[in-house]
1. Need at least 2 residues that are crowded, with 19+ Cβ neighbours inside 10 Å per element, so show me which helices (runs of 4 or more DSSP H) inside region B:51-138 make the cut, counting only ones lying wholly within it.
2. Given (1) modelled with pLDDT under 90; (2) under 27 Å from B:Val215 (Cα atoms); (3) more than 19 Å from the chain's Cα centre (by Cα); (4) not hydroxyl-bearing (Ser, Thr, Tyr), where does B:Gly63 come up short, assuming only one miss?
3. Of the conditions (1) more than 14 Å from chain A (Cβ to nearest Cβ); (2) not in a helix (DSSP H, G or I), B:Asp306 clears all except one; give me its number.
4. Regarding A:Ile244, is this residue part of a helix (DSSP H, G or I) and hydrophobic (A, V, I, L, M, F, W, C)?
5. Return the residues of region B:190-237 that are within 14 Å of chain A (Cβ to nearest Cβ), farther than 23 Å from B:Leu292 by Cβ and either modelled with pLDDT under 90 or within 19 Å of the chain's Cα centre (by Cα) (or both); say none if nothing qualifies.
6. If you check B:Leu13, B:Leu17, B:Leu77, which single one turns out to be at negative phi and modelled with pLDDT of 85 or more?
7. Go through region A:75-100 and report how many residues are within 7 Å of another protein chain (Cβ to nearest Cβ), under 15 Å from A:Gln157 (Cβ atoms) and of a type in the set (Gly, Ala, Ser).
8. A:Val17 versus (1) at pLDDT 95 or above; (2) under 25 Å from A:Val236 (Cβ atoms): which is the lone unmet condition?
Amino acid sequence: MNRLSAESVTLAYDQRVIAEELSVEIPDNSFTVIVGPNACGKSTLLRALSRMLKPNRGRVLLDGQVIQSMPAKKVARTLGLLPQSSIAPDGITVADLVGRGRYPHQGILRQWSTEDERVVQESMAQTGVTELADRYVDELSGGQRQRVWIAMALAQQTPLLLLDEPTTYLDIQHQIDVLDLCAELHEEQGRTLVAVLHDLNHAARYATHLIALREGRIVAEGAPNDIVTAELVEEVFGLRCQVIDDPETGTPLVVPAARKARAATAAS
Amino acid sequence: MKSTRVVRSPGGLSVRLDVRAALVVVLLLLAALAASVVLIGTGDFPISAGDVLKTLAGNGNAGQEFIVNELRLPRVLVGLLVGASLGLGGALFQAVTRNPLSSPDVLGLGQGATAGALVMIVLFSGSATEVTVGALVGGLATGLAIYLLAWKQGVHGYRLVLVGIGVSAIVTAVNGYLLTVSDIVDATRAVVWMTGSLSGRDWEQVWPLLGLCAVLVPLVLVNARGLRMMEMGDDVSGALGVRVERVRALLMVAAVLLTATATAAAGPVSFVALTAPQLARRLTRSPGPNLLSSLCMGAALLVTADWASQRTFGADQLPVGVVTGVLGGVYLLWLLVTERRAGRI
């Protein structure tokens, strides 16, 4: 029995149904990555898993309990979320923003314990933003800012951490930085990570468990080495390609077919 | 740069205090009280600050006691409470909608209250109490209408502001119509009411305001930590364990009640709800909704404006709303200009 799962959920915004009868298990201690074309429902699924979206039907279970029925702060001590869009308040410093991650551990008479202080320092050290502690968040570069937000989510100290496209808007070096950090959190601290990623090659390289989604259905799931094939990529993304071994890691590497080759097959 | 102090007890309790923000609150409170004492002493029978304090302590002569306790103290208290309610209400609206432009003036609550008051003045030639009740009902009804119209699986900042502006336009049109059909006596009374004035306020206006503040201020402050988290967006704060929709609904109701009651008591005093939170935030230089400092700023601003208007134009010549508009506006512009020079915005 895994800690986090969705049982035949129907997810919709107003009347627009994104997924029907979708069941997902997040393996404990995995680095699960959800991939799929735009609008396949991957972010929606993440929102449902993190109780930001209530399923119309079905249920999301956290530690065997329906997530919506659990006390909000208790969920927040178990499961963290880094959403796609977050707003840094005007004039907030890095240390203050990271400190806000301690909210679920605090109360009106327990506003800032020594434990809070320690965890914030630790989270900033892990994400390499300690030197930025007194800087204003608005002054930082995109890569630094993303690290700060991850530090905030870390300060929440949740065994499960969900990240919605954590590498969007970052250049290649910072994308790899963030993914390395995720891998570290997973390997060294044994946290269960769930991330939505756009880049299939990144997903194949870093994930221990891959979920390929198309039109709200799971097309395949499993270890990247077992499931990523040219057929799967064509089925999920509608793209002809070759899958070769990544010369660095041996994980699957997706190489799209050349434009002319694709045009030729389309014509024949 | 960091001015936060933490006080911890051996039992594991801890309180976090932003020293600068706390200092601002104390200074604003002192300023509001000092202005109140001076304001009580101002009028056709000037009384020195020392005598005012003596009389308030119960040691004045009979004449002073009548002037201070019966005539001027209730007016000043109404001013303090109205300013505090508007400052707090404005800070709540701005924080909940994450929009510095959203204030009761912009959202149409002031206009709604005005419509209620105008109906009583123009159509029923109502008494002062009836006008107050009309304004209260008008403000609350407008608040409810905006909330229901803006509701779509939760209330979001921008939609609320836009719906508020739409409702405000409609109600303003209704108010204009009511003014054109009124006779000259009612119209004069209506215009004075619409500018916002403290003249002739007595204990009857103090008690409901005081009671409401006594209930709502603690309730709001208890939820301030959640509101602070909501600055970062619904998803981030929701993920941190804030019950976003519940906190938002509760604080919106509190903000509508505060501003509607304040408006019913003194008319739609312009600009306090809009400027007080902005001014407070610039003084504390701290992120977060700055609720307490906005409250104190509102009170200080209104009492100072009332004093300035009496001082410059004589008692009851110029409604306080005119002065708050000028004073608050100029102060805010000055702050914005100096901040721009310092490169902070």
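The values are calculated or read from the model by the stated rules, or taken from the named source; none is laboratory data. No experiment lies behind these values; they were computed from the predicted model shown. Every residue, glycine as well, gets a Cβ built from its backbone with ideal geometry; the counts of neighbours run over all protein chains shown.
1. B:73-97, B:104-107, B:109-118
2. Failed condition: (2).
3. (2)
4. Against the criterion (part of a helix (DSSP H, G or I) and hydrophobic (A, V, I, L, M, F, W, C)), A:Ile244 does not qualify.
5. B:Gly233, B:Asp234
6. Working: B:Leu13 fails: modelled with pLDDT of 85 or more; B:Leu17 fails: modelled with pLDDT of 85 or more.
Criteria check complete, one pass: B:Leu77.
7. 2
8. Of the numbered conditions (1) at pLDDT 95 or above; (2) under 25 Å from A:Val236 (Cβ atoms), the odd one out for A:Val17 is (1).
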